[in-house]
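Asker: Structure in C-alpha coordinates, see below.
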Amino acid sequence: MTQTQQVQTLVVDDEKNVTDLLKLQLEEVGFWVDIANDGAVAINKVQGKKYDVILLDLKMPRINGIEVLKFAKENYPDSQVLILTGYGDIKTAVDTIKMGAFDFITKPYNFEELLVSVKNALDMKRLMVDNKVMKMQLQNGRFEIVGQSPALQSVLEVALKVAASDASVMITGPSGSGKELIAHLIHENSDRAAKPFVAVNCASIPDTLIESELFGHEKGAFTDAHALKQGLAEIADSGTLFLDEVGDISYLVQPKLLRFIETGTFRRVGGTAEMSVDVRIVSATNKDLEHEVEEQKFREDLLYRLNVVHVEVPALNHRREDIPLLVTHFLEKKSKSRRVKSISPDAMRMLEYYDWPGNVRELENVIERAAILTNGEEIRPDSIALTSKVKSADLRRIPTRLSLAELERIHIENVLKANAFNRSKSAQALGISLKTLYLKIKHYGIETPAFKG
Ligand SMILES: Nc1ncnc2c1ncn2[C@@H]1O[C@H](COP(=O)(O)OP(=O)(O)OP(=O)(O)O)[C@@H](O)[C@H]1O
Ligand SMILES: [Mg+2]
(Lines give C-alpha, C1' and ligand atoms only; values in the text may rest on other atoms or scores of the structure.)
(Ligands and ions follow the chains in the order given, each with its own letter.)
Protein backbone atom coordinates (compact mmCIF):
# COMPACT_ATOMS: atom_id res chain seq x y z
CA MET A 1 0.00 0.00 0.00
CA THR A 2 1.37 3.44 -0.81
CA GLN A 3 1.54 6.20 1.70
CA THR A 4 -1.33 8.11 0.09
CA GLN A 5 -3.74 5.20 0.38
CA GLN A 6 -2.96 4.59 4.02
CA VAL A 7 -4.91 6.27 6.77
CA GLN A 8 -2.78 9.18 7.91
CA THR A 9 -2.73 9.29 11.69
CA LEU A 10 -1.16 11.61 14.21
CA VAL A 11 -0.80 10.40 17.77
CA VAL A 12 -0.29 13.16 20.33
CA ASP A 13 0.60 12.38 23.95
CA ASP A 14 3.31 13.66 26.28
CA GLU A 15 3.90 10.13 27.51
CA LYS A 16 6.29 8.59 25.06
CA ASN A 17 5.39 5.02 26.01
CA VAL A 18 1.75 5.75 25.02
CA THR A 19 2.65 7.19 21.60
CA ASP A 20 5.17 4.45 20.88
CA LEU A 21 2.76 1.65 21.70
CA LEU A 22 -0.10 3.22 19.75
CA LYS A 23 2.19 3.72 16.78
CA LEU A 24 3.11 0.05 16.84
CA GLN A 25 -0.47 -1.10 17.18
CA LEU A 26 -1.84 1.21 14.51
CA GLU A 27 0.93 0.39 12.06
CA GLU A 28 0.17 -3.25 12.55
CA VAL A 29 -3.35 -2.69 11.22
CA GLY A 30 -2.00 -0.77 8.23
CA PHE A 31 -2.14 2.89 9.30
CA TRP A 32 0.53 5.48 8.67
CA VAL A 33 1.46 6.99 12.01
CA ASP A 34 3.25 10.18 13.04
CA ILE A 35 3.98 11.05 16.65
CA ALA A 36 4.03 14.30 18.63
CA ASN A 37 5.01 14.41 22.28
CA ASP A 38 3.75 17.88 23.00
CA GLY A 39 1.09 20.32 21.79
CA ALA A 40 3.47 22.66 19.97
CA VAL A 41 4.97 19.84 17.94
CA ALA A 42 1.44 18.60 17.22
CA ILE A 43 0.39 21.98 15.81
CA ASN A 44 3.51 22.04 13.66
CA LYS A 45 2.79 18.61 12.29
CA VAL A 46 -0.82 19.44 11.60
CA GLN A 47 0.27 22.45 9.58
CA GLY A 48 2.57 20.39 7.42
CA LYS A 49 0.27 17.53 6.54
CA LYS A 50 -3.37 16.59 6.32
CA TYR A 51 -4.19 13.87 8.80
CA ASP A 52 -7.28 11.74 8.52
CA VAL A 53 -7.32 11.09 12.23
CA ILE A 54 -5.65 12.75 15.19
CA LEU A 55 -5.51 10.88 18.51
CA LEU A 56 -5.06 13.60 21.05
CA ASP A 57 -4.16 13.60 24.73
CA LEU A 58 -5.71 16.48 26.68
CA LYS A 59 -3.26 17.06 29.50
CA MET A 60 0.09 18.12 28.17
CA PRO A 61 2.60 20.71 29.38
CA ARG A 62 2.99 24.01 27.43
CA ILE A 63 0.19 23.75 24.87
CA ASN A 64 -2.58 21.40 25.95
CA GLY A 65 -4.89 19.20 23.91
CA ILE A 66 -7.73 21.74 23.85
CA GLU A 67 -5.53 24.23 22.03
CA VAL A 68 -4.47 21.62 19.51
CA LEU A 69 -8.09 20.60 18.99
CA LYS A 70 -9.14 24.21 18.40
CA PHE A 71 -6.36 24.73 15.93
CA ALA A 72 -7.05 21.51 14.04
CA LYS A 73 -10.80 22.11 13.81
CA GLU A 74 -10.41 25.69 12.66
CA ASN A 75 -7.80 24.98 10.05
CA TYR A 76 -8.44 21.42 8.94
CA PRO A 77 -12.11 20.67 9.55
CA ASP A 78 -11.89 17.40 7.62
CA SER A 79 -9.41 15.86 10.08
CA GLN A 80 -11.18 13.83 12.73
CA VAL A 81 -9.97 14.26 16.29
CA LEU A 82 -10.31 11.55 18.92
CA ILE A 83 -9.52 12.58 22.47
CA LEU A 84 -7.45 10.35 24.73
CA THR A 85 -8.27 11.06 28.33
CA GLY A 86 -7.82 9.76 31.87
CA TYR A 87 -10.91 8.84 33.92
CA GLY A 88 -10.58 12.02 35.93
CA ASP A 89 -11.10 14.24 32.89
CA ILE A 90 -14.31 12.88 31.48
CA LYS A 91 -16.18 16.13 31.94
CA THR A 92 -13.58 18.02 29.92
CA ALA A 93 -13.63 15.27 27.34
CA VAL A 94 -17.38 15.68 26.89
CA ASP A 95 -16.82 19.39 26.33
CA THR A 96 -14.37 18.64 23.58
CA ILE A 97 -17.12 16.92 21.61
CA LYS A 98 -18.92 20.25 21.52
CA MET A 99 -15.73 21.75 20.16
CA GLY A 100 -15.69 19.34 17.27
CA ALA A 101 -13.89 16.26 18.58
CA PHE A 102 -15.42 13.11 17.14
CA ASP A 103 -15.24 10.94 20.24
CA PHE A 104 -13.18 10.34 23.35
CA ILE A 105 -11.41 7.27 24.59
CA THR A 106 -10.42 6.72 28.19
CA LYS A 107 -6.96 5.60 29.18
CA PRO A 108 -5.87 2.92 29.68
CA TYR A 109 -7.51 2.16 26.38
CA ASN A 110 -8.64 -1.10 24.90
CA PHE A 111 -7.12 -1.17 21.41
CA GLU A 112 -10.07 -2.96 19.78
CA GLU A 113 -12.47 -0.32 21.06
CA LEU A 114 -10.12 2.44 20.04
CA LEU A 115 -9.97 0.99 16.54
CA VAL A 116 -13.76 0.89 16.26
CA SER A 117 -13.87 4.53 17.21
CA VAL A 118 -11.17 5.43 14.70
CA LYS A 119 -13.04 3.58 11.95
CA ASN A 120 -16.25 5.40 12.78
CA ALA A 121 -14.37 8.67 12.59
CA LEU A 122 -13.01 7.70 9.19
CA ASP A 123 -16.48 6.84 7.94
CA MET A 124 -17.66 10.24 9.08
CA LYS A 125 -14.80 11.94 7.30
CA ARG A 126 -15.50 10.04 4.11
CA LEU A 127 -19.14 11.08 4.31
CA MET A 128 -18.21 14.72 4.70
CA VAL A 129 -15.84 14.64 1.75
CA ASP A 130 -18.17 12.52 -0.39
CA ASN A 131 -20.90 15.04 0.18
CA LYS A 132 -18.81 17.83 -1.22
CA VAL A 133 -17.70 15.71 -4.13
CA MET A 134 -21.13 14.35 -4.84
CA LYS A 135 -22.54 17.82 -5.21
CA MET A 136 -19.98 18.46 -7.89
CA GLN A 137 -20.68 15.21 -9.67
CA LEU A 138 -24.39 15.91 -9.71
CA GLN A 139 -23.66 19.17 -11.46
CA ASN A 140 -21.59 17.33 -14.02
CA GLY A 141 -24.10 14.59 -14.72
CA ARG A 142 -23.16 11.04 -15.57
CA PHE A 143 -20.82 10.07 -18.34
CA GLU A 144 -20.75 7.53 -21.08
CA ILE A 145 -18.54 7.97 -24.09
CA VAL A 146 -20.06 6.95 -27.39
CA GLY A 147 -18.29 6.66 -30.72
CA GLN A 148 -16.39 4.18 -32.83
CA SER A 149 -14.56 6.41 -35.25
CA PRO A 150 -10.83 5.70 -35.45
CA ALA A 151 -10.22 9.33 -34.49
CA LEU A 152 -12.14 8.99 -31.22
CA GLN A 153 -10.85 5.50 -30.53
CA SER A 154 -7.26 6.65 -30.69
CA VAL A 155 -8.08 9.46 -28.25
CA LEU A 156 -9.62 6.95 -25.86
CA GLU A 157 -6.61 4.69 -26.22
CA VAL A 158 -4.20 7.43 -25.20
CA ALA A 159 -6.47 8.53 -22.35
CA LEU A 160 -6.68 5.00 -20.97
CA LYS A 161 -2.97 4.47 -21.30
CA VAL A 162 -2.07 7.58 -19.32
CA ALA A 163 -4.87 7.12 -16.79
CA ALA A 164 -2.79 4.79 -14.65
CA SER A 165 0.10 7.21 -14.34
CA ASP A 166 0.17 10.42 -12.33
CA ALA A 167 1.25 12.46 -15.35
CA SER A 168 -0.45 15.79 -15.94
CA VAL A 169 -2.76 15.59 -18.92
CA MET A 170 -3.83 18.48 -21.10
CA ILE A 171 -6.99 17.92 -23.11
CA THR A 172 -7.59 20.23 -26.04
CA GLY A 173 -10.35 20.38 -28.60
CA PRO A 174 -13.18 22.62 -29.75
CA SER A 175 -16.10 23.55 -27.53
CA GLY A 176 -18.56 20.73 -26.85
CA SER A 177 -16.32 18.01 -28.24
CA GLY A 178 -16.19 15.97 -25.01
CA LYS A 179 -13.10 17.21 -23.17
CA GLU A 180 -14.72 16.97 -19.77
CA LEU A 181 -15.91 13.46 -20.49
CA ILE A 182 -12.35 12.44 -21.30
CA ALA A 183 -11.15 14.00 -18.06
CA HIS A 184 -13.67 11.84 -16.15
CA LEU A 185 -12.58 8.79 -18.08
CA ILE A 186 -8.97 9.36 -17.05
CA HIS A 187 -9.93 9.75 -13.41
CA GLU A 188 -12.21 6.74 -13.35
CA ASN A 189 -9.55 4.53 -14.84
CA SER A 190 -6.83 5.65 -12.46
CA ASP A 191 -5.88 4.41 -9.01
CA ARG A 192 -7.60 7.53 -7.74
CA ALA A 193 -11.04 6.49 -8.98
CA ALA A 194 -12.42 6.09 -5.46
CA LYS A 195 -11.10 9.53 -4.49
CA PRO A 196 -12.55 12.92 -5.40
CA PHE A 197 -12.72 14.25 -8.94
CA VAL A 198 -12.93 17.99 -8.45
CA ALA A 199 -13.58 20.27 -11.42
CA VAL A 200 -12.68 23.94 -11.37
CA ASN A 201 -13.98 26.04 -14.20
CA CYS A 202 -11.27 28.66 -14.46
CA ALA A 203 -13.32 30.74 -16.91
CA SER A 204 -16.36 31.14 -14.70
CA ILE A 205 -14.52 32.28 -11.58
CA PRO A 206 -13.55 35.96 -11.44
CA ASP A 207 -9.79 36.63 -11.44
CA THR A 208 -9.98 38.03 -7.95
CA LEU A 209 -11.47 34.84 -6.53
CA ILE A 210 -9.66 32.12 -8.39
CA GLU A 211 -6.80 31.87 -5.94
CA SER A 212 -9.08 31.47 -2.95
CA GLU A 213 -11.25 28.97 -4.84
CA LEU A 214 -8.20 26.87 -5.60
CA PHE A 215 -6.27 27.21 -2.39
CA GLY A 216 -8.85 28.37 0.13
CA HIS A 217 -8.59 31.29 2.47
CA GLU A 218 -8.22 31.99 6.16
CA LYS A 219 -10.94 33.67 8.10
CA GLY A 220 -10.62 37.43 7.57
CA ALA A 221 -8.18 37.11 4.67
CA PHE A 222 -10.28 39.66 2.79
CA THR A 223 -13.51 41.58 3.33
CA ASP A 224 -15.88 38.78 2.42
CA ALA A 225 -13.88 36.02 4.03
CA HIS A 226 -16.13 35.53 7.05
CA ALA A 227 -15.04 31.99 7.69
CA LEU A 228 -12.20 29.74 6.87
CA LYS A 229 -12.67 28.08 3.52
CA GLN A 230 -10.97 25.03 2.14
CA GLY A 231 -9.71 25.33 -1.41
CA LEU A 232 -10.61 22.90 -4.17
CA ALA A 233 -7.00 21.69 -4.24
CA GLU A 234 -7.46 20.54 -0.66
CA ILE A 235 -10.82 18.91 -1.34
CA ALA A 236 -9.27 17.04 -4.28
CA ASP A 237 -6.54 15.58 -2.07
CA SER A 238 -5.49 12.10 -3.25
CA GLY A 239 -7.85 12.48 -6.22
CA THR A 240 -7.90 14.42 -9.46
CA LEU A 241 -8.08 18.18 -9.86
CA PHE A 242 -9.62 19.07 -13.20
CA LEU A 243 -8.69 22.57 -14.34
CA ASP A 244 -11.30 23.29 -16.97
CA GLU A 245 -10.77 26.21 -19.37
CA VAL A 246 -7.30 26.53 -17.90
CA GLY A 247 -6.40 28.96 -20.69
CA ASP A 248 -8.55 31.53 -18.93
CA ILE A 249 -6.71 31.49 -15.66
CA SER A 250 -5.45 34.92 -14.69
CA TYR A 251 -1.82 35.66 -15.49
CA LEU A 252 -1.30 36.76 -11.91
CA VAL A 253 -2.41 33.42 -10.48
CA GLN A 254 -0.39 31.38 -12.97
CA PRO A 255 2.88 31.46 -10.95
CA LYS A 256 1.01 30.17 -7.89
CA LEU A 257 -0.55 27.39 -9.87
CA LEU A 258 2.84 26.53 -11.31
CA ARG A 259 4.41 26.35 -7.88
CA PHE A 260 1.57 24.17 -6.65
CA ILE A 261 1.96 21.74 -9.54
CA GLU A 262 5.71 21.59 -9.08
CA THR A 263 5.75 21.09 -5.32
CA GLY A 264 2.27 19.91 -4.34
CA THR A 265 2.28 22.66 -1.72
CA PHE A 266 0.36 25.91 -1.36
CA ARG A 267 -0.75 28.49 1.15
CA ARG A 268 -4.29 29.55 1.80
CA VAL A 269 -5.00 33.17 0.96
CA GLY A 270 -4.13 35.11 4.09
CA GLY A 271 -2.43 32.07 5.61
CA THR A 272 1.16 31.40 6.47
CA ALA A 273 1.12 27.64 6.84
CA GLU A 274 2.47 25.60 3.99
CA MET A 275 -0.09 22.94 3.09
CA SER A 276 0.62 19.90 1.03
CA VAL A 277 -1.69 17.65 -0.94
CA ASP A 278 -1.39 14.86 -3.47
CA VAL A 279 -3.46 15.59 -6.56
CA ARG A 280 -3.29 14.57 -10.18
CA ILE A 281 -3.79 17.46 -12.56
CA VAL A 282 -5.91 17.16 -15.66
CA SER A 283 -6.63 20.34 -17.57
CA ALA A 284 -8.65 21.31 -20.61
CA THR A 285 -8.89 24.24 -22.93
CA ASN A 286 -10.26 25.16 -26.32
CA LYS A 287 -7.64 27.89 -26.68
CA ASP A 288 -4.43 27.53 -28.59
CA LEU A 289 -2.14 27.88 -25.60
CA GLU A 290 1.04 27.97 -27.66
CA HIS A 291 -0.36 31.03 -29.34
CA GLU A 292 -1.31 32.44 -25.92
CA VAL A 293 2.30 31.89 -24.83
CA GLU A 294 3.53 33.85 -27.84
CA GLU A 295 1.10 36.62 -26.95
CA GLN A 296 2.44 36.52 -23.39
CA LYS A 297 -0.95 35.69 -21.96
CA PHE A 298 0.02 32.25 -20.74
CA ARG A 299 3.24 31.25 -19.04
CA GLU A 300 5.35 28.86 -21.01
CA ASP A 301 6.65 27.05 -17.90
CA LEU A 302 3.08 26.43 -16.75
CA LEU A 303 2.02 25.11 -20.13
CA TYR A 304 5.00 22.79 -20.07
CA ARG A 305 3.96 21.42 -16.66
CA LEU A 306 0.31 20.97 -17.58
CA ASN A 307 1.03 19.44 -20.93
CA VAL A 308 3.10 16.40 -20.02
CA VAL A 309 0.65 14.29 -22.00
CA HIS A 310 -1.51 15.88 -24.65
CA VAL A 311 -4.89 14.54 -25.70
CA GLU A 312 -6.60 16.23 -28.61
CA VAL A 313 -10.33 15.58 -28.98
CA PRO A 314 -11.33 15.94 -32.63
CA ALA A 315 -14.23 18.09 -33.76
CA LEU A 316 -17.39 16.14 -34.52
CA ASN A 317 -17.20 16.98 -38.22
CA HIS A 318 -13.89 15.16 -38.39
CA ARG A 319 -15.49 11.95 -37.17
CA ARG A 320 -18.89 11.92 -38.76
CA GLU A 321 -19.03 8.14 -38.43
CA ASP A 322 -19.89 8.77 -34.77
CA ILE A 323 -23.00 10.80 -35.57
CA PRO A 324 -25.50 7.91 -35.98
CA LEU A 325 -24.29 6.28 -32.75
CA LEU A 326 -24.50 9.54 -30.87
CA VAL A 327 -27.98 10.21 -32.24
CA THR A 328 -29.20 6.83 -30.99
CA HIS A 329 -27.50 7.39 -27.66
CA PHE A 330 -29.10 10.80 -27.16
CA LEU A 331 -32.47 9.55 -28.34
CA GLU A 332 -32.41 6.98 -25.56
CA LYS A 333 -31.13 9.45 -23.05
CA LYS A 334 -33.20 12.50 -23.96
CA SER A 335 -36.53 11.10 -24.93
CA LYS A 336 -37.64 10.56 -21.35
CA SER A 337 -40.88 8.75 -22.08
CA ARG A 338 -39.18 6.77 -24.85
CA ARG A 339 -42.07 7.86 -27.02
CA VAL A 340 -39.79 8.99 -29.81
CA LYS A 341 -37.94 5.88 -30.83
CA SER A 342 -36.28 6.45 -34.13
CA ILE A 343 -35.18 8.90 -36.75
CA SER A 344 -36.06 8.85 -40.43
CA PRO A 345 -33.23 8.22 -42.91
CA ASP A 346 -33.51 11.68 -44.45
CA ALA A 347 -33.43 13.34 -41.03
CA MET A 348 -30.35 11.29 -40.15
CA ARG A 349 -28.76 12.36 -43.40
CA MET A 350 -29.27 16.00 -42.48
CA LEU A 351 -27.46 15.40 -39.23
CA GLU A 352 -24.63 13.55 -40.90
CA TYR A 353 -24.09 16.44 -43.26
CA TYR A 354 -24.32 19.29 -40.89
CA ASP A 355 -21.11 20.96 -39.83
CA TRP A 356 -21.68 20.88 -36.05
CA PRO A 357 -19.87 24.04 -34.96
CA GLY A 358 -21.04 23.28 -31.40
CA ASN A 359 -19.91 19.66 -31.72
CA VAL A 360 -21.44 16.88 -29.61
CA ARG A 361 -23.13 19.31 -27.24
CA GLU A 362 -24.99 20.88 -30.16
CA LEU A 363 -26.00 17.45 -31.45
CA GLU A 364 -27.29 16.56 -28.00
CA ASN A 365 -29.38 19.74 -27.90
CA VAL A 366 -30.73 19.25 -31.41
CA ILE A 367 -31.90 15.73 -30.56
CA GLU A 368 -33.45 16.85 -27.31
CA ARG A 369 -35.39 19.57 -29.09
CA ALA A 370 -36.38 17.29 -31.96
CA ALA A 371 -37.68 14.67 -29.53
CA ILE A 372 -39.93 17.29 -27.98
CA LEU A 373 -41.18 18.62 -31.33
CA THR A 374 -41.88 15.22 -32.83
CA ASN A 375 -45.47 14.08 -32.60
CA GLY A 376 -45.09 10.47 -33.67
CA GLU A 377 -42.44 7.92 -32.89
CA GLU A 378 -40.01 8.99 -35.58
CA ILE A 379 -38.01 12.18 -35.89
CA ARG A 380 -38.36 13.73 -39.32
CA PRO A 381 -36.46 16.59 -40.95
CA ASP A 382 -39.12 19.17 -40.10
CA SER A 383 -38.50 18.82 -36.36
CA ILE A 384 -34.78 19.29 -36.70
CA ALA A 385 -33.62 22.83 -36.20
CA LEU A 386 -30.03 23.50 -37.14
CA THR A 387 -28.59 26.89 -36.38
CA SER A 388 -26.10 27.32 -39.14
CA LYS A 389 -26.48 26.20 -42.74
CA VAL A 390 -25.78 22.68 -43.87
CA LYS A 391 -22.54 22.90 -45.75
CA SER A 392 -23.09 21.81 -49.29
CA ALA A 393 -19.93 21.27 -51.21
CA ASP A 394 -17.50 20.01 -48.64
CA LEU A 395 -17.03 16.65 -50.27
CA ARG A 396 -13.92 15.74 -48.31
CA ARG A 397 -16.01 15.29 -45.21
CA ILE A 398 -18.70 13.09 -46.65
CA PRO A 399 -18.86 9.76 -44.84
CA THR A 400 -17.21 7.10 -46.95
CA ARG A 401 -19.90 4.53 -46.34
CA LEU A 402 -22.46 6.45 -48.42
CA SER A 403 -23.49 4.89 -51.71
CA LEU A 404 -23.11 6.87 -54.92
CA ALA A 405 -26.88 7.20 -55.21
CA GLU A 406 -27.14 8.65 -51.71
CA LEU A 407 -24.31 10.99 -52.49
CA GLU A 408 -26.05 12.12 -55.66
CA ARG A 409 -29.29 12.70 -53.85
CA ILE A 410 -27.61 14.80 -51.16
CA HIS A 411 -25.67 16.78 -53.70
CA ILE A 412 -28.78 17.55 -55.71
CA GLU A 413 -30.58 18.60 -52.55
CA ASN A 414 -27.75 20.87 -51.54
CA VAL A 415 -27.45 22.47 -54.94
CA LEU A 416 -31.21 23.06 -54.98
CA LYS A 417 -31.02 24.71 -51.59
CA ALA A 418 -28.01 26.78 -52.59
CA ASN A 419 -30.01 28.05 -55.58
CA ALA A 420 -33.16 28.69 -53.58
CA PHE A 421 -34.84 25.76 -55.39
CA ASN A 422 -34.53 27.45 -58.74
CA ARG A 423 -34.46 24.38 -60.97
CA SER A 424 -32.98 25.95 -64.09
CA LYS A 425 -30.07 27.36 -62.14
CA SER A 426 -29.64 24.12 -60.25
CA ALA A 427 -29.64 22.05 -63.43
CA GLN A 428 -27.06 24.36 -64.88
CA ALA A 429 -24.87 24.11 -61.79
CA LEU A 430 -25.17 20.31 -61.86
CA GLY A 431 -24.39 20.18 -65.55
CA ILE A 432 -27.57 18.25 -66.40
CA SER A 433 -30.71 19.06 -68.32
CA LEU A 434 -33.78 20.42 -66.60
CA LYS A 435 -35.60 17.25 -67.50
CA THR A 436 -32.94 15.03 -65.94
CA LEU A 437 -33.04 17.12 -62.81
CA TYR A 438 -36.80 16.82 -62.68
CA LEU A 439 -36.61 13.03 -63.00
CA LYS A 440 -34.00 12.81 -60.29
CA ILE A 441 -36.02 14.93 -57.89
CA LYS A 442 -38.92 12.58 -58.45
CA HIS A 443 -36.75 9.49 -58.24
CA TYR A 444 -35.19 10.49 -54.94
CA GLY A 445 -38.39 11.94 -53.57
CA ILE A 446 -36.66 15.24 -52.79
CA GLU A 447 -39.06 17.62 -51.18
CA THR A 448 -39.11 21.00 -52.86
CA PRO A 449 -41.24 24.05 -52.21
CA ALA A 450 -43.75 25.12 -54.88
CA PHE A 451 -42.30 25.13 -58.36
CA LYS A 452 -39.88 27.95 -59.05
CA GLY A 453 -38.25 28.83 -62.37
N1 LIG B 1 -18.45 10.81 -27.19
C2 LIG B 1 -19.49 11.23 -26.48
N3 LIG B 1 -20.46 10.37 -26.12
C4 LIG B 1 -21.54 10.79 -25.42
N5 LIG B 1 -21.73 12.05 -25.03
C6 LIG B 1 -20.80 12.96 -25.35
C7 LIG B 1 -19.63 12.60 -26.08
N8 LIG B 1 -18.88 13.70 -26.26
C9 LIG B 1 -19.54 14.70 -25.66
N10 LIG B 1 -20.71 14.28 -25.12
C11 LIG B 1 -21.70 15.09 -24.40
O12 LIG B 1 -21.66 16.38 -25.00
C13 LIG B 1 -21.70 17.40 -24.02
C14 LIG B 1 -20.45 18.24 -24.09
O15 LIG B 1 -19.32 17.48 -23.67
P16 LIG B 1 -18.19 18.10 -22.73
O17 LIG B 1 -18.80 18.96 -21.69
O18 LIG B 1 -17.31 17.00 -22.29
O19 LIG B 1 -17.45 19.00 -23.81
P20 LIG B 1 -16.23 20.02 -23.63
O21 LIG B 1 -15.27 19.70 -24.72
O22 LIG B 1 -15.75 19.98 -22.25
O23 LIG B 1 -16.94 21.39 -23.99
P24 LIG B 1 -16.53 22.91 -23.58
O25 LIG B 1 -15.28 23.23 -24.34
O26 LIG B 1 -17.68 23.71 -24.07
O27 LIG B 1 -16.34 22.91 -22.12
C28 LIG B 1 -21.86 16.69 -22.69
O29 LIG B 1 -23.22 16.65 -22.33
C30 LIG B 1 -21.33 15.31 -22.95
O31 LIG B 1 -21.96 14.37 -22.12
MG1 LIG C 1 -15.85 21.49 -20.80
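Asker: Counting only protein heavy atoms and using a 1.4 Å probe, what share of the accessible area of the range 316-395 belongs to carbon plus sulfur, as a whole percent?
Answerer: Here carbon and sulfur together make up 53 percent of the probe-accessible area.
Asker: Would you kindly give the portion of the calculated P(r) for the range 150-312 that falls above 26 Å, as a percent of all Cα pairs?
Answerer: So the portion of pairs separated by more than 26 Å is 25 percent.
Asker: Still on this model: Can you pick out the pairs among 59/98; 50/119; 125/256 whose Cα atoms lie more than 21 Å from each other?
Answerer: Check vs 21 Å cut-off fails for 125/256.
Asker: Sort 289-300, 345-356 by packing, meaning the average of other beta carbons within 10 Å per residue, with the highest value first.
Answerer: Packing proxy ranking, top to bottom: 345-356, 289-300.
Asker: Pull up the cross-link candidates among the lysines for residue 287, meaning alpha carbon to alpha carbon under 20 Å and not fewer than 8 places away within one chain.
Answerer: Correct list for residue 287: 179, 297.
Asker: Separate question: Please list, or write none, the lysines whose alpha carbon is within less than 21 Å of the alpha carbon of residue 435, excluding same-chain residues fewer than 8 places away.
Answerer: Within the straight-line cut-off, residue 435 pairs with 417, 425, 452.
Asker: Next question, about the same structure. Taking the Cα centre of the chain as the origin and placing charges on Cβ (Lys, Arg +1; Asp, Glu -1), which of 325, 217, 56 is farthest toward the positive end of the dipole?
Answerer: 325
Asker: Another one. Positive end of the charge dipole of the chain (Lys, Arg +1 and Asp, Glu -1 on Cβ, about the Cα centre): tell me which of 431, 228, 298 has its Cα farthest that way.
Answerer: Farthest towards the positive end: 431.
Asker: About its Cα centre, how strong a charge dipole does the range 316-395 have in debye, to the nearest 20, once Lys and Arg get +1 and Asp and Glu get -1 at the Cβ?
Answerer: Roughly 260 debye, rounded to the nearest 20.
Asker: Please list 3J(HN,Hα) in residue order for the range 174-181, calculated via the Karplus relation 6.51 cos²θ - 1.76 cosθ + 1.60 where θ = phi - 60°; whole Hz, with x for glycine and proline.
Answerer: Residue by residue, the range 174-181 yields x, 4, x, 7, x, 4, 5, 4 Hz.
Asker: Let me ask something else. What distance in nm separates the simple spin-label points at residue 403 and residue 291, each placed 7 Å from Cα in the Cβ direction?
Answerer: For residue 403 paired with residue 291, the spin-label model returns 4.3 nm.
Asker: If you put +1 on each Lys and Arg Cβ and -1 on each Asp and Glu Cβ, how big is the dipole of the range 8-128 around its Cα centre, in Debye rounded to 20?
Answerer: About 340 debye.
Asker: Sticking with this structure for a sec: Please give the per residue volume of the convex hull enclosing the alpha carbon atoms of the range 29-90, rounded to a whole number of Å³.
Answerer: 93 Å³
Asker: On full extension of the chain, what length is gained from residue 146 through residue 29, given 0.36 nm per residue of separation minus the C-alpha to C-alpha distance?
Answerer: 37.8 nm
Asker: Give me the angle, in degrees from 0 to 90, between the Cα long axis of helix 322-334 and the longest principal axis of the Cα atoms of the chain, rounded to the nearest 10.
Answerer: Approximately 60 degrees, to the nearest ten.
Asker: Also, I was wondering about something else. What number comes out for accessible area per residue over the chain if the probe is 1.4 Å? Units Å², please.
Answerer: 50 Å²
Asker: Still on this structure, I have one more. What does the charge count near residue 409 come to, summing +1 for each Lys or Arg and -1 for each Asp or Glu among other residues with Cβ under 11 Å from its Cβ?
Answerer: So the environment of residue 409 carries a net charge of -2.
Asker: To test your reading of the geometry: what angle, between 0 and 90 degrees and rounded to tens, separates the Cα axis of helix 39-48 from the longest principal axis of the chain?
Answerer: 10 degrees
Asker: Amide H of residue 358: which non-local residues (sequence gap of 5 or more, or other chain) have their own amide H closer than 5 Å, using H built in the peptide plane?
Answerer: Amide H to amide H, under 5 Å and 5 or more residues apart or across chains, residue 358 pairs with nothing.
Asker: Next question, about the same structure. Among 12, 240, 83, whose Cα lies farthest out toward the positive end of the dipole of the chain, if unit charges sit on the beta carbon of Lys, Arg (+1) and Asp, Glu (-1)?
Answerer: Selected residue: 240.
Asker: Let me ask you something else. Could you work out the Kirkwood radius for the chain, taking every pair of different alpha carbons, averaging 1/r and inverting it, reported in Å?
Answerer: 26.2 Å
Asker: Just add up the charged neighbours of residue 345: K/R +1, D/E -1, any other residue whose Cβ is under 12 Å from the Cβ of residue 345.
Answerer: With Lys, Arg at +1 and Asp, Glu at -1, the net is -1.
Asker: If you don't mind, there's one more thing I want to ask. Tell me, what is the percent relative contact order of the chain, built from C-alpha pairs under 8 Å that lie six or more residues apart?
Answerer: Averaging sequence separation for qualifying contacts and normalising by length gives 12 percent for the chain.
Asker: Two decimals is fine: what is log10 I(q)/I(0) at q = 0.13, 0.15, 0.16 Å⁻¹ for the range 8-128, from a Debye sum with one equal scatterer on every Cα and no solvent?
Answerer: Each listed q maps to, in turn, -0.42, -0.57, -0.66.
Asker: I've got another one for you. Please state the Cα pair-distance histogram of the range 273-330 with 5 angstrom bins from zero: what percent is in each bin?
Answerer: Each 5 Å bin holds this share of Cα pairs: 4, 12, 17, 15, 13, 14, 11, 8, 3, 2, 1.
Asker: Suppose each label sits 7 Å from its Cα in the direction of the beta carbon; what would the residue 259-residue 447 distance come out to in nanometres?
Answerer: If labels sit at residue 259 and residue 447, their model points lie 6.3 nm apart.
Asker: Could I ask something else about it? Starting at the first residue of the range 358-367, write each ³J(HN,Hα) from the Karplus equation 6.51 cos²θ - 1.76 cosθ + 1.60 with θ = phi - 60°, in whole Hz, x for Gly and Pro.
Answerer: Each residue's phi maps through the Karplus curve to give x, 6, 5, 4, 5, 4, 4, 5, 4, 5 Hz.
Asker: So what is the relative contact order for the range 316-395, in percent, with contacts set as C-alpha pairs under 8 Å and at least six apart?
Answerer: Reported relative contact order: 36 percent.
Asker: Let me ask another. About the Cα centre of the chain, what is the dipole size in debye to 20, counting +1 per Lys and Arg Cβ and -1 per Asp and Glu Cβ, all else neutral?
Answerer: Approximately 2240 debye in magnitude.
Asker: Around residue 274, with a cut-off of 15 angstrom between Cβ atoms, what is the net charge of the other residues, counting Lys and Arg +1 and Asp and Glu -1?
Answerer: Combined, the nearby Lys, Arg, Asp and Glu give +2.
Asker: Which value in deg cm²/dmol, rounded to the nearest 500, describes the helix-derived mean residue ellipticity at 222 nm for the chain, given -39,500 (n - 2.57) per DSSP H run of n ≥ 4 and division by the residue count?
Answerer: -14000 deg cm²/dmol
Asker: Can you return the lysines within cross-link range of residue 341? Criterion is Cα-Cα under 25 Å, with same-chain partners fewer than 8 residues away left out.
Answerer: Within the straight-line cut-off, residue 341 pairs with 333.
Asker: Here's another thing I want to ask about it. Relative to the longest principal axis of the chain, what angle (0 to 90°, nearest 10) does the C-alpha long axis of helix 16-28 take?
Answerer: The answer is roughly 30 degrees.
The values are calculated or read from the model by the stated rules, or taken from the named source; none is laboratory data. Source: prediction; values computed, not measured. A quick note on method: Cβ atoms are made from the backbone with ideal geometry, for glycine too, and the neighbour counts reach across all protein chains shown. Side chains included, ligands, DNA and RNA excluded: accessible areas come from the protein's heavy atoms. Shrake-Rupley method; radii C 1.70, N 1.55, O 1.52, S 1.80 Å.
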